[in-house]
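Below is one structure; the comments refer to it alone.
The values are calculated or read from the model by the stated rules, or taken from the named source; none is laboratory data. Computed from a predicted structure; not experimentally measured. Quick reminder, even Gly has a Cβ in these numbers, built from the backbone with ideal geometry, and neighbours come from all protein chains shown. Calculation scope for accessible area: heavy atoms of the full protein, side chains included, ligands and nucleic acids excluded. Shrake-Rupley method; radii C 1.70, N 1.55, O 1.52, S 1.80 Å.
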Amino acid sequence: MSTPNGFPQHSGACVTQSMEGGAVQDLHAKKAGKAAKKEAGGNGVLTFEDPRSVGTSLNETLKLLPEELKANMKIKSITPRPPRKPRLERAASLDEKSWRRWRRFRTSQESLTDPNETSSSNGSLQEASLSPPIRARASPCHQCCQQNSLNSSPDALEASPVGKSRGGTSDLGKRASEISSAFGGLLRGKAFAGGKPRLSQIMPSRPLPPMEFNVASHTLRTANRIDSDFMDYRHYSQHKFGRVSSSLSDTRLHGNGIVYNCSTDSMKSTFSLLTPIRSKDVRSRSYLEGSLLATGALLGAEELSRYFPDRNIGIFVATWNMQGQKELPVNLDDFLLPTDPDYAQDMYVIGVQEGCPDRREWEIRLQETLGPHYVMLYSAAHGVLYMSVFIRRDLIWFCSEVEYATVTTRIVSQIKTKGALGICFTFFGTSFLFITSHFTSGDSKVNERKLDYNKTIQALTLPKNVPDTNPYRSSSNDVTTRFDEVFWFGDFNFRLNKDRETVDSILNQNPETDMSKLLAYDQLTSEMSRGSIFKGFQEADIHFRPSYKFDIGKDSYDTTSKQRTPSYTDRVVYRSRYRDDIHAVKYSSCPVIKTSDHRPVFALFRVKVRPGRDNIPLAAGQFDRELYLIGIKRRITRELQKRKEQKDQKSSSICSIS
């Protein structure tokens, strides 16, 4: 009598066999000379009809087994007992667990270090170091078989009745070899030493690759890499913030670039550092007019939060009366990139009065100083009034079309030296207006300067095509009410109502940061407090010396016969539709630039930005490409020349006479 697999079954013992599906069948035969029928695997029926013929079949079967299996296999007759109830829960054995972990290590290179996972609940299999892992499971009657089959004597084999076998001799020999090789250690009793076997720790074949940490900007979470010239930036940022941005990439990318078990869900972090875009979002988005919904829009909340989690951007605003000088400063780093803030700003707006004759050269110098991370979004001029707007190259896609307008306050003049120039655009859902002005000069001409202000807010026709973000709060008589954020800067020419001697005495007595006594005589501060000019505007606290009037190339104020009184003529003021949208971070001057009788004045702001809708005229990434290339080429040439000078200085030798 045999199972569907061809291996003989006998009474009084159970033999565990391994099948392809990992299932184990245990068959218990009954003794007592009765005919018994039992289903085995659904392929055949086992029948005991004649007890006397069982012994002969068993002897014939044992002759086909290997000698090693015969020596270690002891079977004795036992009292038949009913089989145990099958377990409802499948328990994985030691070898099966080790096999799974071994396969998982080959794919994901993970090591096994938890000893609790290496012990078997029934202790039925051999140690992992004896043989390779195999697929097996313990049978329900395994414990009874292990005691009965190992403690029996060889004489009991012939006295034990077994049914007839239906399988051929070749199948029996093949099955016996498989059972012997798979369970050789089991039958030798090596797995029943009493202690729980443990798998040895598996070490990787080669050292794991080091992890690379990439840090995004504090305000701008983008995926652009840091230049090699600023390798200390990542260490400083990590020490500064104590964390690394988690939105950049998967840590598996920083190894050898090979990722195992890569599914479609993990492809977003495997093959790109950019934020993944779902196919259905691309299908539903119109890149011509954009989505009217806030979610999924180019200027919507989702995109804004990705770049600016706190929804605040940094803006640098500067004004400088160049006095029409042809000579430009050698270095503009101290002006555009002050050392006080740790990071550069997201937007740079520079207004110039009485600008240099070569306006293009001035713009090239600005691009050269700011470097490849910035592009010039727009530039406009009104006579000798210049304004340039630079923005981070990552942000040019979120700007609307840029518009500008001019106002002339001195009509009879052929050269437009006095007037105003305004540039406006929408960034995400926030509208910006930047105005640079040059008001009437003269110590006592306060009313003329107020007239210049009133004419500017009435005659500046902005916006033109870009829609107003909040038309219900706008006024047709005041251009500054038609925008969310307004920055007005320039040479306003307001003076100090005090004589030169008194001003010099205050400057000599007070420290550099305490200018409260001087500001008590400031015309602009007095007029703003009365509400006669710059209505709704604010100005940050002034902690710097007057920016006018200096001797060119010197730190001393006017020493000519006119003896002009030092004054705060160059100013930066701001207003917002919403309260607390603009925060002044720094307000100062640049005393190292001495090519004019005015010192440049700049201010740093943190401005809140709101999400917008895509149904506005977009700039679509427009910028001055020619200026960008020239500025970068100048920057590279300057760096190479600097290195060459350093190399020549090191290689130069000095002769000494003894």
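Could you sort the peptides 542-555, 317-330 by per-residue average Cβ neighbour count (10 Å cutoff), highest mean leading? If you can, show how the numbers build up before the last one.
Working: 542-555: 16.9, 317-330: 18.7.
The peptides rank, most packed first, as 317-330, 542-555.
Which one, LEU507, ASN477, ALA540, is farthest towards the positive end of the dipole of the range 473-563 when Lys and Arg carry +1 and Asp and Glu -1 on their Cβ?
ASN477
What accessible area per residue, rounded to a whole number of Å², is obtained for the range 301-634 using a probe radius of 1.4 Å? Numbers along the way, then the final one.
Working: 13700 Å² over 334 residues.
Ligands and nucleic acids excluded, the figure is 41 Å² per residue.
Trypsin sites (Lys or Arg not before Pro) within the range 570-628: which are DSSP loop residues with at most 16 other Cβ atoms inside 10 Å?
Listed in order of number, the matching sites are ARG579, LYS594.
Sequence-distant or interchain residues sharing an amide H contact under 5 Å with LEU618, placed H: which?
Placed amide hydrogens put GLU401 under 5 Å from LEU618.
What list of ³J(HN,Hα) values in whole Hz, one per residue of the range 380-396 in order, does the Karplus curve 6.51 cos²θ - 1.76 cosθ + 1.60 (θ = phi - 60°) give from phi, with Gly and Pro shown as x?
With coefficients 6.51, -1.76 and 1.60, one gets 9, 9, 9, x, 9, 8, 10, 9, 10, 10, 10, 9, 4, 5, 6, 9, 5 Hz.
Taking H as built 1.01 Å from N, whose amide H comes closer than 5 Å to the amide H of GLY429, not counting residues under 5 places away?
It is ARG610, GLY612, by chain and number.
With +1 on each Lys and Arg Cβ and -1 on each Asp and Glu Cβ, how big is the dipole of the range 301-634 about its Cα centre, in debye rounded to the nearest 20?
Working: 43 positive and 44 negative charges, 156 e Å.
Rounded to the nearest 20 debye, it is 740 debye.
Over the residues of the range 301-634, compute the C-alpha Rg and express it relative to 2.2 N^0.38 Å. Could the numbers behind the result be given before it?
Details: Rg = 19.3 Å, N = 334, 2.2 N^0.38 = 20.0 Å.
Scaled against compact globular proteins, the figure is 0.96.
First select every other residue whose beta carbon is under 12 angstrom from the beta carbon of GLU645; then total the charges, Lys and Arg +1, Asp and Glu -1. Mind showing how you got there, number by number?
Working: positive: ARG638, LYS642, ARG643, LYS644, LYS647, LYS650; negative: GLU639, ASP648.
Computed value for this residue: +4.
Mind listing the long-range amide H neighbours of TYR374? Cut-off is under 5 Å, sequence gap 5 or more, other chains count too, H placed in the peptide plane at 1.01 Å from N.
Sorted by chain and number, the residues that satisfy this are ARG393.
List, in the order given, every pair from LYS418/LYS586; LYS498/LYS535; LYS326/LYS642; LYS586/LYS650 whose Cα-Cα distance in the structure shown is over 30 Å.
Working: LYS418/LYS586 28 Å; LYS498/LYS535 25 Å; LYS326/LYS642 24 Å; LYS586/LYS650 40 Å.
Those over the limit are LYS586/LYS650.
Would you work out the charge dipole size for the range 574-658 about its Cα centre, treating the Cβ of every Lys and Arg as +1 and the Cβ of every Asp and Glu as -1, and quote it to the nearest 20 debye? Don't skip to the end; give the middle numbers.
On the way: 20 positive and 9 negative charges, 39 e Å.
My answer is approximately 180 debye.
Among 396-404, 561-569, 636-644, how do they line up by average Cβ neighbours within 10 Å per residue, starting with the highest? The partial results should precede the final answer.
Values: 396-404: 19.4, 561-569: 17.8, 636-644: 10.7.
For the peptides 396-404, 561-569, 636-644, the packing ranking is 396-404, 561-569, 636-644.
Among 437-450, 501-514, 482-495, how do they line up by average Cβ neighbours within 10 Å per residue, starting with the highest?
482-495, 437-450, 501-514
Placing +1 at every Lys and Arg Cβ and -1 at every Asp and Glu Cβ, with all other atoms neutral, what dipole size does the range 332-460 have around its Cα centre, in debye to the nearest 20?
Computed charge dipole of the range 332-460: roughly 680 debye.
Below 8 Å between Cα atoms, with a sequence gap of 6+, how large is the relative contact order for the range 301-634 in percent?
On the way: 734 pairs, mean separation 80.7, N = 334.
Relative CO of the range 301-634 lands at 24 percent.
Ignoring ligands, DNA and RNA, please state the percent of accessible area on the range 548-594 from carbon and sulfur, probe 1.4 Å.
Working: 1030 of 2220 Å².
So the carbon and sulfur contribution to the accessible surface is 46 percent.
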